[in-house]
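Have a look at this one.
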Amino acid sequence: MAGQLGLDPPTMLLRDKGPTLELQQALENSEAVAKCFNCSISTSSIALVIYCSSSLNSSDRSAIENQKVISLAQMKLQLNSGSGSNMPVVNRPVILYILVPDLPKRALVEVKPLLYSGDSLETPTHVIKQDLCVRQSYWGFQHESWHNDCLQTCIISGRVCAAVISVTQEIAAKICPQTTDPANDESANAETEVRMAEFCIYLIDKVLLENDFSWDDVMNLRIYFTASPHTSHRTLSTIFTNAYNEFVKLRSIVNCNKEPIFNIVPVLGAGRSVTSMDNILTCELFARKF
């Protein structure tokens, strides 16, 4: 679904009286589109990305989070009491907030749901869970419990895979513990960026492998980064391209003729909570089997 603004359908003007009403209208507009596909954003969302204007203050952001929870709960309640109660229910969609300088029509918020409109959530018989004993060990990474702290996934087994990796300062310190203060050391910052790129590719591969997906199933991979004096679009694009090319050589299951499938996107901030959009790096993955 394309991103939805808080436009009042009769007038096609933004709802006034604050960001919460604008968000409510954007969610209602998203729900109207979802109903055309016999689904609901409250039960069928695999991922929900909410773009926030930098003009929002901290209290506005908190109000937006509360309004999102209220609106989705009301939609789900209406479904449960009506004909929509037989729709497949997707549990725990991926949530991502992105802070941007501006939005179309000077909007304060924009909502972009990713919906699953299939008839069934049952696992297809051909799906085989991978044995995690063959987990990757390249670049020196091994599975650790803290990996789950930076990972959100929503899997429709054998059909679609959505995931978000959120690399905060705390996570970056665990990825590259030898680096003490990258903000004041250009070489240390470069090393950290390389390790973060390798970690993201490693973790994406792990999610795909565990759920019987391949890199050929990847439809979209966006990498959001917070622009800084030490990080540029060109530098990060080169780092991810080099890491991906090295990964291709390490993993024979990857099609070596395939170009990198990621997009590098500069933003003001990103995070799983509207009140803490402080990720250094954020990876948004969508994979689908046909």
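Of the listed peptides 60-71, 164-175, what is their order by residue-averaged count of other C-beta atoms within 10 Å, with the highest listed first?
Ranked by mean Cβ neighbours within 10 Å, highest first: 164-175, 60-71.
Sticking with this structure for a sec: For residue 220, enumerate residues with amide H under 5 Å from its amide H, sequence gap 5+ or separate chain, H modeled in the peptide plane.
286
Given the pairs 35/206; 105/206; 76/174; 17/112; 76/206, which are separated by over 30 angstrom at their Cα positions?
35/206; 105/206; 76/174; 76/206
By counting other Cβ atoms within 10 Å of each Cβ, how are 138, 244 ranked from fewest to most?
The fewest-first ordering by Cβ neighbours comes to 138, 244.
Counting pairwise Cα distances across region 202-251, what percent come out greater than 18 angstrom?
In whole percent, the long-distance tail amounts to 42.
Each value in this text was obtained by applying a stated rule to the coordinates, not by laboratory testing. The structure displayed is predicted, hence computed values, not measured ones. Note: ideal-geometry Cβ built from the backbone for every residue, glycine included; neighbour counts use all protein chains shown.
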